[in-house]
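These notes are about the structure you will find just below.
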Amino acid sequence: MSEGNAIQHLISLQDWPVQEVEDLLELSARIKRRATPFQLSGKTVGLLFFRGSLRTRTSFEAAMHQLGGHTIHLAAASDFWDLEVQEGAVMDGRAPEHVKDAARALSRYVNALAIRPAYAGQSWEVDRKDSGIQAWARYARVPVINMESALWHPLQALADLLTLRESLGDLRGKTLAISWTRSTQPSSAAVTNSLLLAALRAGMRVRVAHPAGYDLDDEVHSRAVEQAQNGRTSFETGMAQEEALKGAHVVYARSWQSLVDYGNPTLAASRRSRLTGWTLDEGLMKLTENGRLMHAMPVRRNLEVSDEVLDGPRNLMYEQAENRLHSQKALLVKLLRG
Ligand code: CP
């Protein structure tokens with residue numbers, strides 16, 4: 001097979017046609033309802049982590065095991081080394097191997113490669129290109145699954161869509177409030193980006209609350225505006241938490257880094273220290289339409305979300321975590337069995 005041709009990768013959920021995402025969600029729900037009838041015996045997935053993970057690794061390994069398949073877990077910190085991604089590079093730097101060679105070699109051993117790439121965290125203009133995961137997809141001769149890059153987290157968005165449908169039924173016309181939350185170590189906006197576009201594509205009305213200086217990536221914003229227009233739904237951003245949560249059916253809590261201070265941890269910490277509020281508590285949740293709480297985890301208790309909300313009946317985040325297992329099984333069946 002020629003490089004990059006005819007292999008279905010999952011880099012962003014937006015790359016997949018609506019009907020294929022719909023099929024995946026239906027298969028996920030069927031898999032969840034009964035013992036898994038699909039077998040992937042003899043199939044192997046390579047899991048490459050350039051950054052740590054609790055849920056993604058465990059749910060992937062459990063999914064493959066329960067489907068009769070096998071995983072090989074490789075952690076960059078202990079099992080391999082820096083990989084060059086630049087085409088044509090003179091490799092006299094740190095990286096002893098090019099991703100081109102690693103991807104081509106590993107493709108001879110496994111049926112799919114799932115990657116959580118690293119990004120340097122110095123420049124958003126550089127990191128937003130997702131060069132690492134794009135290089136794996138370009139050179140691998142098996143499907144490549146993005147396990148969270150700087151820009152996208154399609155696996156989380158898939159599980160989130162499944163959870164939203166279970167909780168709300170038909171998503172069209174329902175209101176999702178995505179609320180920025182306090183954190184001492186905010187992550188990239190990958191979860192927010194993927195969820196935002198997936199929810200708009202499903203016909204949800206989406207409001208994003210965040211403080212000044214935490215605007216979303218320009219291209220993600222433009223795509224959200226376009227998605228809302230195409231889907232005849234609404235997208236509003238930059239509002240206060242109270243405004244976003246009013247009448248919402250679901251509140252999704254997530255912290256993300258300021259793109260203004262990206263690559264400057266001192267300025268970023270200073271910006272965060274000037275903020276007050278932005279912890280989701282029961283008082284805020286009471287503004288919703290009996291709204292449920294979602295969070296991709298890990299969650300910083302009583303900083304991002306109060307114990308009262310997390311330990312109360314509104315919380316859907318353990319359903320989300322469980323749904324990672326079911327939706328990843330559906331994805332693996334689709335990619336490895338066709
Ligand atoms: N939500 C999520 O991807 O969790 P991990 O970072 O633990 O994999």
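The values are calculated or read from the model by the stated rules, or taken from the named source; none is laboratory data. Everything quoted here is computed from the prediction, not taken from an experiment. As a convention, Cβ positions derive from the backbone with ideal geometry for all residues, glycine included, and neighbour counts pool all protein chains shown. To get the accessible areas, we keep the full protein, side chains included, count just its heavy atoms, and leave off ligands, DNA and RNA. Shrake-Rupley method; radii C 1.70, N 1.55, O 1.52, S 1.80 Å.
For this structure, a couple of remarks:
- The residues listed here are Asp160, Asp170; of these, the one that is out of contact with any Lys or Arg (no Cβ under 9 Å at 6 or more places or on another chain), farther than 25 Å from Asp82 by Cβ and open to solvent by less than 10 Å² (accessible area, probe 1.4 Å) is Asp160.
- A count restricted to the stretch 52-101 and to residues that are within 16 Å of the ligand (Cβ to nearest atom) and among the β-branched types (Val, Ile, Thr) stands at 3.
Here is a yes/no grid of residues against (1) within 14 Å of the ligand (Cβ to nearest atom); (2) in contact (Cβ under 8 Å) with a residue 40 or more places away in the chain; (3) more than 29 Å from Asp127 (Cα to Cα):
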residue: Trp152; (1), (2), (3): yes, yes, no
residue: Leu155; (1), (2), (3): yes, yes, no
residue: Leu158; (1), (2), (3): yes, yes, no
residue: Leu171; (1), (2), (3): no, no, yes
residue: Arg182; (1), (2), (3): no, yes, no
residue: Asn193; (1), (2), (3): yes, yes, no
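- Hey, Glu166 modelled with pLDDT of 95 or more, of a type in the set (D, E, K, R) and closer than 23 Å to Arg301 by Cα or not: no
- Answer residue from the stretch 278-321, given it is within 16 Å of the ligand (Cβ to nearest atom) and without any contact (Cβ under 8 Å) to a residue 24 or more places away in the chain and is surrounded by the most Cβ atoms within 10 Å (Cβ to Cβ) among those: Leu310
- If you filter the stretch 173-193 down to residues that are among the small types (Gly, Ala, Ser) and open to solvent by less than 10 Å² (accessible area, probe 1.4 Å), you find that the one that is farthest from Ala150 (Cα to Cα) is Ala177.
- Qualifying residue in the stretch 118-130 (condition: touching a strand residue (DSSP E or B) at 6+ places or on another chain (Cβ under 6 Å) and either at positive phi or open to solvent by less than 20 Å² (accessible area, probe 1.4 Å) (or both)): no
- Among the residues of the stretch 33-41, not a single one is under 17 Å from Gln328 (Cβ atoms), within 16 Å of the ligand (Cβ to nearest atom) and either open to solvent by 90 Å² or more (accessible area, probe 1.4 Å) or in contact (Cβ under 8 Å) with a residue 60 or more places away in the chain (or both).
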